[in-house]
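Reading through the structure tokens given below for one structure.
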Amino acid sequence: MCGIVAAVGREGNVVPSVIQGLKTLEYRGYDSAGVAIVSDGAIQVRRRTGKIAVLEEDLGQNGLPESSIALAHTRWATHGAPEDRNAHPHRDHLEKVVVVHNGIIENYAELRAELQEAGHEFSSDTDTEVLANLVASLLEENSGDLHAAIRAALPRVHGAYALVAASASDSDSLVIARHDSPLVVGIGDGVTCAASDMPALLGLTREFLVLENGETAILTPDSCQIYDPNNQTIERAVQHCDWTPEQAEKGGYPHFMLKEIEEQPDVLARTAFDRLHDAEGDVEFESEFGLDDQALCVFSRLRFMAMGTSFHSAMLGKLFLEEFAQLPGDVVNASEFLYSPKLKEGDALTVIISQSGETADSLRAMREVQSRGGKVLGICNVRGSTLDREADHVVLTHCGPEVGVASTKAFFGQLAALYLLALRVGRARGVLSQEQGFELLSDLRHLRPKLDALFSEAAAQAVQKAADILAPVNSCLFLGRGFNHPIAMEGALKLKEISYIHAEGYPAGEMKHGPIALIDDSFPVVAIATPGRTYEKMVSNIEEVRARSGAVVAVAAEGDEKVSGLADATLFVPEVPEHLSPLVNVIPLQQLSYEVAKRLGKDVDQPRNLAKSVTVE
Ligand code: AGP
């Protein structure tokens, strides 16, 4: 999705800083990039289709003057093809105002017609150019005051937006506004900046404040004045972000995805270990969780909602809950919830899972639940995100910034958090004894050293052998049962996202009801067959695949000769209790998809058409 970075400083040139910030947003997915400055009463813009490197090359040839004010943007096309003329920033036709914008202006066509009638000319197909012209058309009647013109324009705009604007006549201030698209403000030393995502500003500051829906703000080098929807000024406390710029960098790895896969043992410690109270056999979340034993006993069911990889976490959230707390769980795709019949929420707690905390479908579902009188527990990785701020209760996953578009460590952190949640609910409801709680905690503590085996030379060679099987094919199947059904789906999603090989994840029992028709010697199957109550059934499924000449890549416990004897390649994993097997089994599947994508020469960290935060529905 689109990315915004803008800054206004007391002195010096902020253009390199905003371009650097844009680079940290590359992971969000984009097709063009641009930057604008205000200098000597005029706005200058450079924008190019393609990667930020293309824009930088252009800046090298057609440099911009140094400027202490700059607005930059990466665009992910919604209105109009990815072409230079559609890239942001956009100016009005008289070049009085410049705007960068994330989101979608739904009534842009009628506004454009109206503005054309009034003599405005358009050079792009975008909704953002309409916004620039609308603001410019209101500038005169607001005595040239950009903030007032934007405030006059916004009630006419339907849709979602995060925007930053500047006026040709003022090189000392930026005006920002937000409705349903994220925007954070960074407070630096003699520089104030804004971006759609915190990591973009870590090179300038680690002090942030978040703009809430309906608010606007004026940024100057030494101040950020926020206005509420009624144009009253608001004071907001600045928050410190403990993410370091290094965490958002590759640190010697060829790809963020590889770095993030290898960070997972540490994620386990960061998400879980500080919350474990071994003596009580229980879990203690931070104050923002806000649900005590009594509150947790009121709910008769939990509903888990999310999208994409987080949806696979949701599936496991239900399984953990039913296993540890004997409480029914539902799993609902967040984008489908909005269109379901508006039943009473009753005494359900809805758990919304989102690594970014900004996924539009998940946020809409959250608000819908709340509007029906229900309570929402958000599980997310980004402090200050919309989910963190708007959910009634929150558990942060503390994974550090995840940059690769294909989610790996954030998924792992979600699983750890959901495991803890189920345990907490089980303890609160008296389903788990102190001793049982202690055992489940100690299983988790013992997991971390076991994960080392997944990063050994032997494991890497096994991944290579499995990649020999998958890299040449057009399509394949991932099978798992029970706790590993969501992992089969996640394995398939990872492969499809970054290698563009078609893959589907199925509960293995479903294979005979249709997908088996696909199996022949060109159609491999990845089968998760680690110890547990479904082990024998998985072995039978592997036999069935082999009987049809399908190649098998198995995930099996170290030393399992039965499964490895049947498989063409085996990804061995350390043996762990069945309920923890998803946290182990997902790792070799992530490594496999990474290896296949790398061999095929794909853009691992920024796969085509995908975006890190999907902020439109
Ligand atoms: C993960 O690999 C995907 N890129 C995608 O499915 C993602 O999980 C989904 O868009 C939800 O994102 P969220 O966790 O930030 O809400």
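The values are calculated or read from the model by the stated rules, or taken from the named source; none is laboratory data. This structure is a prediction, so every number in the text was calculated from the model and none was measured. Cβ placement follows ideal geometry from the backbone for every residue including glycine, while neighbour counts extend to all protein chains displayed. Side chains are part of the model used for accessible areas, which takes the heavy atoms of the whole protein and leaves out ligands, DNA and RNA. Shrake-Rupley method; radii C 1.70, N 1.55, O 1.52, S 1.80 Å.
Worth a mention:
- Scanning segment 193-208 finds no residues that are under 24 Å from V130 (Cα atoms), among the basic types (K, R) and either not assigned by TED's automatic domain parsing to the domain that holds V14 or not in a strand (DSSP E or B) (or both).
- Yes/no for V210 being modelled with pLDDT under 95 and of a type in the set (V, I, T): yes
- Top-ranked residue of segment 25-66 - restricted to ones that are assigned to a strand (DSSP E or B) and hydroxyl-bearing (S, T, Y), ranked as nearest to L94 (Cα to Cα): S39
- Pairs meeting the criteria (first residue in segment 77-104 and open to solvent by 10 Å² or more (accessible area, probe 1.4 Å), second residue of a type in the set (D, E), beta carbons under 7 Å, at least 6 apart or on different chains) are A77/D31; H79/D125; H79/D127; G80/D125; P82/D31; H93/E121; G103/D180; I104/D127.
- Residue within segment 605-614 that is open to solvent by 30 Å² or more (accessible area, probe 1.4 Å), aliphatic (A, V, I, L, M), under 14 Å from L495 (Cα atoms) and away from the ligand (no atom under 16 Å from the Cβ) present: no
- For L319, the conditions (1) open to solvent by less than 30 Å² (accessible area, probe 1.4 Å); (2) away from the ligand (no atom under 16 Å from the Cβ); (3) within 26 Å of the chain's Cα centre (by Cα) all hold with the exception of (1).
- Within this structure, L302 fails the test of being part of a loop (DSSP other than H, G, I, E, B), more than 16 Å from the ligand (Cβ to nearest atom), buried (at least 19 other Cβ atoms within 10 Å of the Cβ) and on the phi < 0 side of the Ramachandran plot.
- Answer residue from segment 357-378, given it is surrounded by fewer than 20 Cβ atoms within 10 Å (Cβ to Cβ) and under 22 Å from D197 (Cα atoms) and is farthest from the chain's Cα centre (by Cα) among those: R367
- Candidates T350, T386, T397 - the one that is within 24 Å of C2 (Cα to Cα) and either of a type outside the set (D, E) or within 16 Å of the ligand (Cβ to nearest atom) (or both): T386
- Residue count, segment 473-502 (criterion: more than 13 Å from the ligand (Cβ to nearest atom) and crowded, with 24+ Cβ neighbours inside 10 Å): 10
- Matching entry among G404, G437, G413 (being touching a Lys or Arg at 6+ places or on another chain (Cβ under 7 Å) and either open to solvent by 20 Å² or more (accessible area, probe 1.4 Å) or in contact (Cβ under 8 Å) with a residue 12 or more places away in the chain (or both)): G437
- The residue that is surrounded by the fewest Cβ atoms within 10 Å (Cβ to Cβ), among those in segment 573-604 that are aliphatic (A, V, I, L, M) and closer than 16 Å to E497 by Cβ, is L600.
- Scanning segment 67-84 for residues that are assigned to a strand (DSSP E or B) and in contact with a Cys (Cβ under 7 Å, 6 or more places away or on another chain) yields H73, T74, R75.
- Here segment 234-258 is the region considered, the condition is being modelled with pLDDT of 75 or more and assigned to a helix (DSSP H, G or I), and the residue that is farthest from V184 (Cα to Cα) is L258.
- L451, sole failed condition from (1) out of contact with any strand residue (DSSP E or B) (no Cβ under 8 Å at 6 or more places or on another chain); (2) open to solvent by 10 Å² or more (accessible area, probe 1.4 Å); (3) more than 23 Å from E288 (Cα to Cα): (2)
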